[in-house]
Number of protein chains: 2
Amino acid sequence: VTGVSIRREVTETSPPELRRDPVAGGWVLLAEERMLRPRAPDPPPPPSDAATCPFCPGRETRTPPEVLAYHDPPGSSCWSLRVVPNLYPALRAEGAAEPRIEGLYERRDGIGAHEVIIESPRHEQDLGDLPGPRIARVLAAVRERMLDLRRDPRIEYVLWFKNRGAAAGATLDHGHSQLIAIPIVPGSVREELERCREHFRSGNRCLFCEMIDQEQSDGRRLVAASGRHLAFAPFASRFPYETWILPRGHAPSFEAGSDDDLEDLAGLLGGVLLRLGRSLGRPAYNLVLHTTPCREPGLDYYHWHLEILPRRTPLAGFEWGSGFHINPTRPEDAARHLREDGP
Amino acid sequence: VTGVSIRREVTETSPPELRRDPVAGGWVLLAEERMLRPRAPDPPPPPSDAATCPFCPGRETRTPPEVLAYHDPPGSSCWSLRVVPNLYPALRAEGAAEPRIEGLYERRDGIGAHEVIIESPRHEQDLGDLPGPRIARVLAAVRERMLDLRRDPRIEYVLWFKNRGAAAGATLDHGHSQLIAIPIVPGSVREELERCREHFRSGNRCLFCEMIDQEQSDGRRLVAASGRHLAFAPFASRFPYETWILPRGHAPSFEAGSDDDLEDLAGLLGGVLLRLGRSLGRPAYNLVLHTTPCREPGLDYYHWHLEILPRRTPLAGFEWGSGFHINPTRPEDAARHLREDGP
């Protein structure tokens, strides 16, 4: 037991709060309740055991009641996917949307929602192990929950992300991803939006549409393609084997996609995760969806995309403080290996 | 041996290259040579052994010849600090400063320098274990090398940072920090500069000077103070126990500090590292210096500062992709614990 956890017990918890960094401009969510969840000892925890996993079938009462479930076959009592509120939510439904200013500082109530998508009843299956139609169901659940969550007028952004493996910040091994609905637009997305708006103003063209053209005609960084989507290693990859997936046609919002779009995307995403698994040996990874803010859905200048960030390098460190990344693997080499490791 | 390292042997290395992300705006250094250094297996490596450590006395020939050394007592043959080029440098001295544009993409030669400051001959001593005058010597070495490195007109920024502990990205246990001299200004610093310039325009006041006033009159986030410097937990702390150290008077460039400034800073920095060690049990941490770009030394609107980022939380993950951080510890609580854990 460390000094911190001893103290924690005698410290009162405060409601979650969003704070804006006046220097960097980004937002931080202070969510003390998360300290009360099963905590990692100093080396990362061992993968959770299927014998005790709260996401495995038969332990449904160990999570809050589900907000969405799919059954397979339809109408049966067997679930194939569940969406549940996080047992240790970082955000709360109650609170005011108005900012509170105190000199240089801005804070807001940490209102919003925090949900977990349990992607499969089988403990050992990760997203990339699922067949295409099952991945499409996960994507459909993301879309359904995003459309529902953004009906709350206080919500400005819904973030879908996945931490896979302890090195990527996962504390449970059972395949899952998370949705966070927040009353602000995250810093990276806000900066992307501004840069894309600027680019559109100067040439009347979506930056991502132009990037897709350049990647397709260049070819060296392409990883895979489907009828409607493209996967490539970004030119300035921050991580070895970083891979982005985008719709080939202009599409600002992921959640506006049709069932056919999701099926096409599912096939490509599954193939990319398979390639990453073959090239890197089932790496830890983060997956983050960048889509439009809830209140700005139909933008000419923005284009949704998925970022897949494998977490293999031990070099993550000073990058947090500088925004400057060192990557030992050229994206052209990563893309070539991933192309070779196809199905 | 993974597929990646097998392939690595047959892949030709390319010279280091800087690439700009057209969407996020930040820079990435692709430095393949770093792949050739002793590589971490998938769980982080055990701390390096004093019996084989290349930074320990008697193994000076296992590093490149030093560019700076201090001896203690002066004139003796015993070194107390060495600065050596990194054996696996991420940057090279040769190359052109001009950018190369290719459609949407910008790249530059990875010119610059990468040096290691070996802070003590004693393997087990970290920066925070040194007495104040020895810390002042480390800071003096940083200043001396920064002033020398920025004489190269191609260099735009010199980054001083320290990764302590495997969880913070350190691959060697012997106390050391690093200097990276690069021909661009890192993304986070560029954004800070712009936000500070904006703030100065609107009120004719340095944002950091104003922040110091607000922190001092508020008091809840103060950690410690010396005659010339102040340490506090920033309002929007991204990490538990994140601590910044700033000069109390307006000072844009760290490297313009006098010997007296460095002595004062050394005392405060040592005290803060001691407090962090007591509160968190010798945590892994990153330390990053933010100072002015080499070609913009005397700015009215910028104020150097040290960021100390303890790496305790297992939650680092999706933050990379979103710029949105979740921190389970309120900076007011962290600051209170650190105040209580003083010398």
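The values are calculated or read from the model by the stated rules, or taken from the named source; none is laboratory data. These figures come from a predicted structure and were not determined experimentally. Counting neighbours? That spans all protein chains shown, and the Cβs are built from the backbone with ideal geometry, glycine included. Note: accessible area is taken over every heavy atom of the protein model, side chains too, but ligands, DNA and RNA are not part of it. Shrake-Rupley method; radii C 1.70, N 1.55, O 1.52, S 1.80 Å.
Total residues in the range A:288-304 satisfying the condition of being out of contact with any Ser or Thr (no Cβ under 7 Å at 6 or more places or on another chain) and crowded, with 23+ Cβ neighbours inside 10 Å: the figure is 4. Checking each residue in the range B:261-276 for being open to solvent by 20 Å² or more (accessible area, probe 1.4 Å) and within 14 Å of residue B:135 (Cβ to Cβ) picks out B:261, B:263, B:264, B:267, B:274.
When the range A:176-210 is examined, which residues are found to be open to solvent by less than 30 Å² (accessible area, probe 1.4 Å), in a helix (DSSP H, G or I) and not charged (D, E, K, R)? Matches in the range A:176-210: A:187, A:189, A:193, A:196, A:207, A:208, A:209. Within the range A:266-303, the residues that satisfy the criterion of being aliphatic (A, V, I, L, M) and under 17 Å from residue A:342 (Cβ atoms) are A:266, A:268, A:269, A:272, A:273, A:274, A:276, A:280.
In this entry, residue A:270 passes the filter for residues that are more than 9 Å from chain B (Cβ to nearest Cβ) and at pLDDT 95 or above. Of the residues making up the range A:72-84, those that are open to solvent by less than 40 Å² (accessible area, probe 1.4 Å) and of a type outside the set (A, V, I, L, M, F, W, C) are A:76, A:80, A:82. Looking only at residues of the range B:91-110 that are in a loop (DSSP other than H, G, I, E, B) and facing chain A (nearest Cβ under 9 Å), we find that the one that is surrounded by the fewest Cβ atoms within 10 Å (Cβ to Cβ) is B:103.
Criterion applied to A:283, A:310 was being modelled with pLDDT under 95, open to solvent by less than 10 Å² (accessible area, probe 1.4 Å) and closer than 30 Å to residue B:288 by Cα, and the one residue passing it is A:310.
If I ask for residues that are at pLDDT below 90, over 19 Å from residue B:172 (Cβ atoms) and touching a His at 6+ places or on another chain (Cβ under 8 Å), which ones from the range B:62-90 would you list? Of everything in the range B:62-90, just one residue is at pLDDT below 90, over 19 Å from residue B:172 (Cβ atoms) and touching a His at 6+ places or on another chain (Cβ under 8 Å), namely B:77. Selection of strands (runs of 3 or more DSSP E) fully inside the range A:211-259 by the criterion of at least 3 residues being open to solvent by less than 20 Å² (accessible area, probe 1.4 Å) returns A:229-232, A:243-247. Pairing residues of the range B:180-203 that are closer than 24 Å to residue B:90 by Cα with residues that are assigned to a helix (DSSP H, G or I) and of a type outside the set (Asp, Glu), at Cβ distances under 6 Å and at least 6 apart in sequence or on separate chains, gives B:181/B:149; B:186/A:322; B:188/A:322.
Among the criteria (1) open to solvent by less than 10 Å² (accessible area, probe 1.4 Å); (2) among the small types (Gly, Ala, Ser); (3) out of contact with any His (no Cβ under 9 Å at 6 or more places or on another chain), the one residue A:120 does not fulfil is (3). The test for being more than 14 Å from chain A (Cβ to nearest Cβ), in contact (Cβ under 8 Å) with a residue 12 or more places away in the chain, open to solvent by 40 Å² or more (accessible area, probe 1.4 Å) and not in a strand (DSSP E or B) holds for residue B:133.
Going by what's in this entry, would residue B:20 be described as surrounded by 13 or more Cβ atoms within 10 Å (Cβ to Cβ), modelled with pLDDT of 85 or more and within 9 Å of chain A (Cβ to nearest Cβ)? Show your work before the answer.
Values: surrounded by 13 or more Cβ atoms within 10 Å (Cβ to Cβ): yes; modelled with pLDDT of 85 or more: yes; within 9 Å of chain A (Cβ to nearest Cβ): yes.
Criteria met by residue B:20.
Residues considered: B:293, B:343. Of these, the only one that is within 14 Å of chain A (Cβ to nearest Cβ) and in a loop (DSSP other than H, G, I, E, B) is B:293.
All told, residue A:330 falls short of being more than 7 Å from chain B (Cβ to nearest Cβ) and either β-branched (Val, Ile, Thr) or open to solvent by 10 Å² or more (accessible area, probe 1.4 Å) (or both). Restricting attention to the range A:180-210, the residues that are touching a strand residue (DSSP E or B) at 6+ places or on another chain (Cβ under 8 Å) and facing chain B (nearest Cβ under 10 Å) add up to 10.
For residue B:322, the conditions (1) more than 10 Å from chain A (Cβ to nearest Cβ); (2) more than 21 Å from the chain's Cα centre (by Cα); (3) open to solvent by less than 10 Å² (accessible area, probe 1.4 Å) are fulfilled apart from (1).
Please specify each residue of the range B:149-175 satisfying the condition of being among the aliphatic types (A, V, I, L, M) and outside any loop (DSSP other than H, G, I, E, B).
B:149, B:158, B:159, B:166, B:167, B:168, listed by residue number.
From the list B:276, B:309, B:246, the lone residue that is within 26 Å of residue B:219 (Cα to Cα), in contact with a Phe, Trp or Tyr (Cβ under 9 Å, 6 or more places away or on another chain) and within 9 Å of chain A (Cβ to nearest Cβ) is B:309.
Pairs meeting the criteria (first residue in the range B:40-67 and within 9 Å of residue B:123 (Cβ to Cβ) and part of a loop (DSSP other than H, G, I, E, B), second residue modelled with pLDDT under 85 and of a type in the set (Gly, Ala, Ser), beta carbons under 8 Å, at least 6 apart or on different chains) are B:56/B:50.
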